[in-house]
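Below is the structure I would like to discuss, written out as structure tokens.
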Number of protein chains: 2
Amino acid sequence: MDPRVHEHAEILVDWSARVAAGDTVVLSVAEGAHDLAVAVAEALGERGANLVATYDSDELTRAYLRGHDSEFDADPAHELALVENADVYLRLGGGRNTTATADVPSETRQAYRRARTGIREARMDTDWVSTVHPTRSLAQQAGMAYEQYQDFVYDAILRDWESLAAEMAQLKTILDEGSEVHIEKAETDLWLSIDGRTAVNSAASVDYDSHNLPSGEVFTAPADAEGTVVFDVPMTVDATRLQDVRLTFEDGEVVDYAAAQGESVLKEIIETDAGARRLGELGIGMNRGIDRVTDNILFDEKMGETVHLAVGRAYDACLPEGETGNQSAVHTDLITDMSTESTLSVDGEVIQRDGSFKWEDSFGGI
Amino acid sequence: MDPRVHEHAEILVDWSARVAAGDTVVLSVAEGAHDLAVAVAEALGERGANLVATYDSDELTRAYLRGHDSEFDADPAHELALVENADVYLRLGGGRNTTATADVPSETRQAYRRARTGIREARMDTDWVSTVHPTRSLAQQAGMAYEQYQDFVYDAILRDWESLAAEMAQLKTILDEGSEVHIEKAETDLWLSIDGRTAVNSAASVDYDSHNLPSGEVFTAPADAEGTVVFDVPMTVDATRLQDVRLTFEDGEVVDYAAAQGESVLKEIIETDAGARRLGELGIGMNRGIDRVTDNILFDEKMGETVHLAVGRAYDACLPEGETGNQSAVHTDLITDMSTESTLSVDGEVIQRDGSFKWEDSFGGI
């Protein structure tokens, strides 16, 4: 087995999920994630944890959902009991076909999702972490050769997370203490209010309230937005390519939108509900192991030298105790490249210029 | 997909497990059983049952057990809760390597098994059924080509179970009402007392107290044995070939034993404990879909025109209420061919001659 599979497993178990002896662990295994599951099982055995592996096959799900009449029982007792009694939930993605459930009606999928709200909430109460094993299917989605994609994934995951967490802590402090963010680049001039909001140092560990491996972003929840932003990093939403999305905000609300490609899907998103016209997230990608777009949001939004904004729902972790942030049925991330001819400033001070942060040697001048 | 996979799934769900709408079902999926799992998932969806699929990979188990220090926690809460809240437990065997856990120390395996007694008991309280998906690994164990083995498995499983259950009921009645069984063939002359014992019509359905698919045997628990029996159907026990085992009984106890091959393993079994010297089971194979030995006890003991006897533990279902049958740490089945020059009689009446039962046209004369 590729030794990187074992390194991945150890980072997942030790850094990300902080598994201890006696922990009850659910290991959710996608169809193509067998090798990673074997390495994780070995690590869990070594830590003295207790393992139940679930088989989260898209083809099984498709068959089940297509067979069903869509009148789903709410939170089936056996699955709820499994998750409620789990300390840790590790999701190993990596299927064999990213479109394996393409012929399941979306109403069926939504009904199934709604019926499992309690299970989902119970899972969020565990120390949960999502990661992916590089499969040929994901390589294809990324437009890459298989071995090239493996290198890409391990470059993103096998990092010195302790050191990255320390670097990201600097940015978190700046955002926590700051009131106003200004993003400037060609065609983009956007002001965001972050006064009173708390940033999350998303360092790929439950100890940092961060549940994705890889991670590597600092994010917060803007309270207000003014100006225009162009998202020049392409992405696929609902099987549709979105290219050069342009949003204009007044008093925090989208007043104008356009896209070079995929504008009808953009329109659907923005018009979902009132909250979909407002921002739920400002995220700053800091994982330099991710150096290209692969059309997988788990990776793309953490890409070094990018900033992303999400329209829709805000994360509670960013809000003052008891305050309700932006509410919406959607949370759609859009990404803009900050590597050239761009600045990100907080309260008038340039924090990042052309991709470099002010604490980096590559940061030039004032 | 081979249409027989869907037929297999339907028999499993409807005939064997009697799954109803709202049932909570655990589907345990071996590494090679994906296709059957997909078909079962579809059937479960159609029935309106609730599905959790577990991934019962031998390679995962091996990695976990080898990583562990063998001080296992007793009945981990999440797995126990899953099984305790399940109505139905379907085990789909079919691995990719029957010796995948060969390098796990047997003490580790035993310690793991002991730590999970409560989970095992909870599983026995569900409507559980074990079946197998034909894999290349199982074909190899059977010494057969892959497609040949698929035909073999589906011949054994895709039967008219209702009709076989009705036929087996006739034999159950004879055994329930009978006192003494006599088996005669070359080198075999064995008398068994079955007075007061109850036979199980093992028709591959939980409604018949039968938990294997395929099944197709009627079995009871002999109280006494006298005489000699030769088991001419070879089998593998503890990775050792057993050939032509000969047992001689006096007052129900083995007083002499020998084997043309594997005598040392036979000795180990017989000398395990006092109960290992007595019989726990008389089983009569009635599944004519199984027409050859494949070195897999799930199939071999149900083979039509064979009889098997097990030394060791008896099943409670065969005993009068409150009575304790033969106790032992072992239950080892041994099989003898009844297809030629042989008779099985109950209370002096020949019930089976040369493989044919007295109610069959092929049963010749008195």
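How about region B:347-363: which of its residues are surrounded by 14 or more Cβ atoms within 10 Å (Cβ to Cβ), at negative phi, of a type outside the set (A, V, I, L, M, F, W, C) and out of contact with any Lys or Arg (no Cβ under 8 Å at 6 or more places or on another chain)?
B:353, B:356, B:358
Turning to a different aspect of this structure: Anything in region B:206-220 that is in a loop (DSSP other than H, G, I, E, B), within 16 Å of residue B:123 (Cα to Cα) and within 9 Å of the chain's Cα centre (by Cα)? List them, or say none.
Taking region B:206-220 as the starting set, the residues that turn out to be in a loop (DSSP other than H, G, I, E, B) are B:209-211, B:214-216.
If we keep only those that are within 16 Å of residue B:123 (Cα to Cα) as well, we get B:209-211.
Of everything in region B:206-220, just one residue is in a loop (DSSP other than H, G, I, E, B), within 16 Å of residue B:123 (Cα to Cα) and within 9 Å of the chain's Cα centre (by Cα), namely B:211.
Looking only at region A:40-70, count every residue that is among the polar types (S, T, N, Q) and at positive phi and tell me the total.
Just the residues of region A:40-70 that are among the polar types (S, T, N, Q), to begin with: A:50, A:54, A:57, A:61, A:70.
Filter again for at positive phi, leaving A:70.
Total meeting the criteria: 1.
Assess whether residue A:63 counts as being crowded, with 24+ Cβ neighbours inside 10 Å and touching a residue at least 24 places away in the same chain (Cβ under 8 Å). Walk me through it before giving the result.
Values: crowded, with 24+ Cβ neighbours inside 10 Å: yes; touching a residue at least 24 places away in the same chain (Cβ under 8 Å): no.
Here the answer is no, as residue A:63 does not meet what is asked.
Inspect all residues belonging to region A:154-177 and state whether any of them is free of Cβ contacts under 8 Å to residues at least 60 places away in the same chain, in the same structural domain as residue A:270 (by TED's automatic domain parsing) and either within 28 Å of residue A:262 (Cα to Cα) or in contact with a Leu (Cβ under 9 Å, 6 or more places away or on another chain) (or both).
No, every residue in region A:154-177 fails to be free of Cβ contacts under 8 Å to residues at least 60 places away in the same chain, in the same structural domain as residue A:270 (by TED's automatic domain parsing) and either within 28 Å of residue A:262 (Cα to Cα) or in contact with a Leu (Cβ under 9 Å, 6 or more places away or on another chain) (or both).
So, residue A:82, is that one closer than 19 Å to residue B:83 by Cα, buried (at least 24 other Cβ atoms within 10 Å of the Cβ) and not charged (D, E, K, R) or not? Outline the logic, then answer.
On the way: closer than 19 Å to residue B:83 by Cα: yes; buried (at least 24 other Cβ atoms within 10 Å of the Cβ): yes; not charged (D, E, K, R): yes.
Against the criterion (closer than 19 Å to residue B:83 by Cα, buried (at least 24 other Cβ atoms within 10 Å of the Cβ) and not charged (D, E, K, R)), residue A:82 qualifies.
When region B:77-132 is examined, which residues are found to be within 27 Å of residue B:215 (Cα to Cα) and among the β-branched types (Val, Ile, Thr)?
B:83, B:88, B:98, B:99, B:101, B:117, B:119, B:126, B:129, B:131, B:132
Could you grab me the full set of residues in region B:110-122 that are over 30 Å from residue B:143 (Cβ atoms) and either small (Gly, Ala, Ser) or more than 12 Å from chain A (Cβ to nearest Cβ) (or both)? Full working, then the answer.
Taking region B:110-122 first, the residues over 30 Å from residue B:143 (Cβ atoms) are B:111-112, B:114-122.
Selection gives B:111, B:114, B:115, B:117, B:118, B:120, B:121, B:122.
Given (1) over 23 Å from residue B:138 (Cα atoms); (2) in contact with a strand residue (DSSP E or B) (Cβ under 8 Å, 6 or more places away or on another chain), identify the lone condition not met by residue B:67.
(2)
With out of contact with any strand residue (DSSP E or B) (no Cβ under 9 Å at 6 or more places or on another chain) and crowded, with 23+ Cβ neighbours inside 10 Å as the only criterion, which of A:39, A:74, A:53 stands out?
Details: A:74 fails: crowded, with 23+ Cβ neighbours inside 10 Å; A:53 fails: out of contact with any strand residue (DSSP E or B) (no Cβ under 9 Å at 6 or more places or on another chain).
Answer to the selection: A:39.
Within region A:114-130, identify whether any single residue is small (Gly, Ala, Ser), under 30 Å from residue A:78 (Cβ atoms) and not in a helix (DSSP H, G or I), and answer yes or no. Walk me through it before giving the result.
Here is the first cut: in region A:114-130, the residues small (Gly, Ala, Ser) are A:115, A:118, A:122, A:130.
Narrowing further to those that are under 30 Å from residue A:78 (Cβ atoms): A:115, A:118, A:122, A:130.
Checking the rest, the ones that are also not in a helix (DSSP H, G or I) come to A:130.
Yes: region A:114-130 contains one or more residues that are small (Gly, Ala, Ser), under 30 Å from residue A:78 (Cβ atoms) and not in a helix (DSSP H, G or I).
Need the failing condition index for residue B:81 against (1) without any contact (Cβ under 8 Å) to a residue 40 or more places away in the chain; (2) more than 14 Å from residue A:51 (Cα to Cα), just the number.
(2)
Let me ask something additional. List the helices (runs of 4 or more DSSP H) inside region A:22-109, counting only whole elements, that have at least 1 residues being within 26 Å of residue A:146 (Cα to Cα) and within 8 Å of another protein chain (Cβ to nearest Cβ).
On the way: elements: A:34-47, A:58-67, A:77-84.
Once the helices (runs of 4 or more DSSP H) in region A:22-109 are filtered for at least 1 residues that are within 26 Å of residue A:146 (Cα to Cα) and within 8 Å of another protein chain (Cβ to nearest Cβ), what remains is A:34-47, A:58-67.
Determine whether residue A:21 is surrounded by fewer than 23 Cβ atoms within 10 Å (Cβ to Cβ), in contact with a Gly (Cβ under 6 Å, 6 or more places away or on another chain) and small (Gly, Ala, Ser). Let's see the steps before the verdict.
Details: surrounded by fewer than 23 Cβ atoms within 10 Å (Cβ to Cβ): yes; in contact with a Gly (Cβ under 6 Å, 6 or more places away or on another chain): yes; small (Gly, Ala, Ser): yes.
Spelling it out, residue A:21 is indeed surrounded by fewer than 23 Cβ atoms within 10 Å (Cβ to Cβ), in contact with a Gly (Cβ under 6 Å, 6 or more places away or on another chain) and small (Gly, Ala, Ser).
Is it the case that some residue within region A:188-197 is farther than 19 Å from residue A:306 by Cα, buried (at least 18 other Cβ atoms within 10 Å of the Cβ) and of a type in the set (Lys, Arg)?
Yes: one or more hits.
Show the residue pairs meeting these rules: Cβ distance below 7 Å; 6+ apart or different chains; first residue within region A:262-275 and farther than 12 Å from residue A:311 by Cβ and touching a residue at least 40 places away in the same chain (Cβ under 8 Å); second residue of a type in the set (S, T, N, Q) and loosely packed, with under 13 Cβ neighbours inside 10 Å.
So the pair list comes out empty.
Every residue, every condition in (1) of a type in the set (Ser, Thr, Tyr); (2) closer than 23 Å to residue B:40 by Cβ, yes or no:
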residue: B:57; (1), (2): yes, yes
residue: B:60; (1), (2): no, yes
residue: B:77; (1), (2): no, no
residue: B:84; (1), (2): no, yes
residue: B:94; (1), (2): no, yes
residue: B:99; (1), (2): yes, no
residue: B:104; (1), (2): no, no
residue: B:115; (1), (2): no, no
residue: B:146; (1), (2): yes, yes
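Run down A:262, A:252 and say which single residue is buried (at least 16 other Cβ atoms within 10 Å of the Cβ) and within 25 Å of residue A:174 (Cβ to Cβ). Lay out the reasoning, then the answer.
On the way: A:262 fails: within 25 Å of residue A:174 (Cβ to Cβ).
None of the others qualify; the one that does is A:252.
The values are calculated or read from the model by the stated rules, or taken from the named source; none is laboratory data. Source: prediction; values computed, not measured. A quick note on method: Cβ atoms are made from the backbone with ideal geometry, for glycine too, and the neighbour counts reach across all protein chains shown.
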